[in-house]
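*Asks:* After the structure tokens below, expect a handful of questions from me.
The values are calculated or read from the model by the stated rules, or taken from the named source; none is laboratory data. Remember, predicted model here, so these are calculated numbers, not experimental data. Ligands, DNA and RNA are excluded from the accessible area calculation, which covers all protein heavy atoms including side chains. Shrake-Rupley method; radii C 1.70, N 1.55, O 1.52, S 1.80 Å.
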Amino acid sequence: MDSKIIHAACMGAVVTVIATWLAIIEQERNKIYIPREPRINAIAQREFYIDNILNRGDRHCVEQIRIKHVVLYRLCDVLTSRNLLRSTQNVSIREQVIVFLQIVGQNQRFRVISGIYYRFVETIHRYFRIVLKAVFKLYKHLIKDLEDTIPAEIMNNQRFYPYFKV
């Protein structure tokens, strides 16, 4: 008789475990899953920040990147037309140049810029170097060689005498 009671108790325990397990599975099946989305839409935030720099007025633009937005667009056009920079799948030429100008003009660290633009530090560093090399290649077109002649207004002005002795 003992074995029948033990057997019945074991079967009752097994049935209870199986019933609980089936209830849990059914509950999970009926659960509404909400897909996880990033808390911050990095692409939208990045574009908002860039548009904020460029569209708040010339003064704000000069404070942030040290040039007016018209000059920025012209610089981007020059770099593009001379095939010195190109847009990639993830980073536009405009963003590359703005990041470069913020680092140079504001003496910002790569880590600070990476936090602002939601990019890895390595990505910021890579594009900084690319734009720097492109700007270096522009020197042939933008910087004129020194001329041997000194303009008359500088030559005859005593204010400039210590710097331009002849």
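*Asks:* Run the 1.4 Å probe and let me know the accessible area of VAL71, rounded to the nearest 10 Å².
*Replies:* Probe radius 1.4 Å; accessible area of VAL71 about 80 Å².
*Asks:* Of the accessible area of the chain, with the probe set at 1.4 angstrom, what percent is carbon plus sulfur?
*Replies:* Using a 1.4 Å probe with all protein chains present, the chain comes out at 58 percent carbon and sulfur.
*Asks:* So what is the accessible area of the chain per residue, in Å², with the probe set to 1.4 Å?
*Replies:* Per-residue accessible area for the chain comes out at 81 Å².
*Asks:* Among (1) 10.2; (2) 11.4; (3) 20.0, which one is mean projected area of the Cα convex hull in nm² computed from these coordinates?
*Replies:* (3)
*Asks:* Per DSSP H run of at least 4 residues, take -39500 (n - 2.57); add these up for the chain, divide by its residues and hand me the 222 nm value, nearest 500 deg cm²/dmol.
*Replies:* After summing the helix terms and dividing by residue count, I get -21000 deg cm²/dmol.
*Asks:* Using the Cα gyration tensor of the range 47-115, with a ≥ b ≥ c the square roots of its eigenvalues, what is the shape: rounded (a/c below 1.5), prolate (a/b larger than b/c) or oblate (neither)?
*Replies:* oblate
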